[in-house]
Amino acid sequence: MKTLVLGLGNPILSDDGIGVCVARELENRIDGQDVKVEEIGAGGLALLHELAGYDRAIIIDAIQTRDGEVGQVYRLGPEAFDSTRHAGSPHDINFATALELGKRLGVPLPRQIVIFAVEVEDVTTFSERCTPKVEQTIPVVTDMVVQELGNDHSS
Amino acid sequence: MASCKATDAVYHVDPPTAAKKVRELFYCAHMIHSHIAHFYALAAPDFVLGPTSDPAERNILGLVAKVGLEIGGEVIKHRAYAQDIQAVIGGKATHPVFALPGGISKPVTEEERKDFEEKAKSLVDFAKFSVNLFNDLVLSNKEYLDLITGDIYTMKSYYMGLVDSSNRVNFYEGDIRVVDEDGKEVAKFKPAEYLDYIAEHTEPWSYLKFPFLKKVGWKGLVEGKDSGVYRVSPLARLNAADGMATPLAQAEYEKMYQTLGGKPVHATLVFHWARLIEIVYAAERLLELCQDKEITSPEVRTIPTATPDEGVGVVEAPRGTLIHHYQTDDRGIIQKANLIVATGHNYPAMNMSVKRAAQGLIKKGVVASEGLLNMVEMAFRAYDPCMACATHNLPGQMPLEVVIYNSRGEVAERLNRL
């Protein structure tokens, strides 16, 4: 199964870079021919382009929810993102729209998309480091992804 | 690319011509991907579905449902071609890593060039298709044509854009040219001279500054030749130039001005039409560069020898003129940086466009809520604004509030999407 592990985020915006931090950890730990680890600071149509051609995608990103506690990690599917905070970018379409577009156009999207979302504190301060509680989730999320890679949900 | 050119200037180094051509090739691909995404994902839905249609349909999904899956597939494919060209030259499509003071990090191979050439040919066809689509769907629809040329979306201003030595549009380099609302040239200057021509006003209610033409002066958010408000954008570029440097784009340029009754055009929604003409130019120019003998030259870097100090780099970003100005210490570490981005240049005009649209759409206290919010947003969206870049800060969403006051100055209604 061709798998893409994709760390999303901006690595110079504190916790917004958590996905990228985890991807960089995973690059050291993953040694499978069928698994590619990438990082990207984009969404919408660009994301569609990245996902095309893989059987499975594991995406890691930051999230901020109304009642969430910083440091919590959620395992989600794409249906959880019908409306997101980043829906309002004036330059692009959001994740849910991009996936739906891809489906309708017959873009070969992964059959399985799993998203590990980390509840973060700060996505607006310029910094190359995550805040302490979020930094502590890096090994945790890394382990979760490695475990996910070991699971074959092809049914 | 503006940053890259600024570093050339900081180090007082002139890249070899092959490096400039490869940079320009990359840059044409960049313009194409951005313009395609903007037109099809953001602008076209308003015209194809209609500006007051149901928001659930008024997006790229609705567009594809209406024009067909095949067209949708072509959009994704051609945008990907442009991204792929950037990725091969630049290392990555987003945040490329190939530009250096004095040139670029590696030449283009013959194999890569052949691949780019095939993609470029397809991009020229797709660009022509996109302009024709606009013609068929929009221009032959009287309602839309009236909307585009109507008063609520019209604003007179000065226009600014980069031009080559023949005053034709160039995205990568040239002089900055400014024309007035009648199309007469009022300024033409080198990027390094920008501070003699552009100044910035501030208001306490915004993080974003209000650039204006220094020699005309700041008179507030008003139109007229005495007001220093100017615009950048695809339409501004076409207004500020005397033509396009490639044949198909030139034909489209002439057709646009003929259809709309001459130059310059002040209709804000025509930014979208101009954007499509620019896709044609970018694709033709991309193909020209792919077929240039020098494009695979190994001579792509001049090592700087001067002590770095200060420099200005200007390009035409998809949304308009982009200025990067750096002052460094003698190690080349930036001490001061001034950026004026397209959305910054356009900020005064954007405010005026939105206000005009709102004033035109709300009559005698009657507000058509959802449709109105979108039509006001259309005025704003034509500028394809990036408030994050312009304020060097972050948006989280695109909030929009229209406040309606009665004749006594009291708030009668608030419509918002906050």
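Some notes on this structure:
- Residue in region B:37-44 that is at pLDDT 80 or above and farther than 26 Å from A:Ala42 by Cβ present: no
- For the condition within 21 Å of the chain's Cα centre (by Cα), part of a helix (DSSP H, G or I), modelled with pLDDT under 70 and surrounded by 18 or more Cβ atoms within 10 Å (Cβ to Cβ), B:Ala379 does not qualify.
- Residue within region A:77-97 that is within 20 Å of B:Tyr40 (Cα to Cα), surrounded by 19 or more Cβ atoms within 10 Å (Cβ to Cβ), within 11 Å of another protein chain (Cβ to nearest Cβ) and in contact with a strand residue (DSSP E or B) (Cβ under 9 Å, 6 or more places away or on another chain) present: no
- Of the residues examined, A:Leu101 is not one that is modelled with pLDDT under 80, surrounded by 21 or more Cβ atoms within 10 Å (Cβ to Cβ) and either within 8 Å of chain B (Cβ to nearest Cβ) or farther than 24 Å from A:Glu148 by Cα (or both).
- Taking the numbered list (1) within 23 Å of the chain's Cα centre (by Cα); (2) among the charged types (D, E, K, R); (3) surrounded by fewer than 15 Cβ atoms within 10 Å (Cβ to Cβ) in turn, B:Lys156 passes all entries but (3).
- Which numbered condition B:Val216 misses (of (1) more than 17 Å from B:Arg168 (Cβ to Cβ); (2) touching a strand residue (DSSP E or B) at 6+ places or on another chain (Cβ under 7 Å)): (2)
- Failed condition for B:Ala245, given (1) closer than 14 Å to B:Phe171 by Cα; (2) not in a loop (DSSP other than H, G, I, E, B): (2)
- Among the residues examined, B:Arg177 qualifies as on the phi < 0 side of the Ramachandran plot and assigned to a strand (DSSP E or B).
- Any hit, region A:39-55, residues being in a strand (DSSP E or B), away from chain B (no Cβ under 14 Å), surrounded by 14 or more Cβ atoms within 10 Å (Cβ to Cβ) and on the phi < 0 side of the Ramachandran plot: no
- Residues being free of Cβ contacts under 8 Å to residues at least 24 places away in the same chain and over 22 Å from B:Glu278 (Cβ atoms) are represented in region B:172-185 by at least one member.
- Residue within region B:43-54 that is within 23 Å of B:Val108 (Cα to Cα) and not acidic (Asp, Glu) present: no
- Enumerated helices (runs of 4 or more DSSP H) restricted to region B:28-92, each holding at least 1 residues that are touching a residue at least 24 places away in the same chain (Cβ under 8 Å) and either over 22 Å from the mean Cα position of the chain (by Cα) or within 9 Å of chain A (Cβ to nearest Cβ) (or both): B:60-67, B:69-90
- Here B:Ser3 passes the criteria (1) out of contact with any strand residue (DSSP E or B) (no Cβ under 9 Å at 6 or more places or on another chain); (2) assigned to a helix (DSSP H, G or I) except the one numbered (1).
The values are calculated or read from the model by the stated rules, or taken from the named source; none is laboratory data. From a predicted model like this one, the values you see are computed outputs, not experimental measurements. We place every Cβ from the backbone using ideal geometry, glycine too, and count neighbours over all the protein chains shown.
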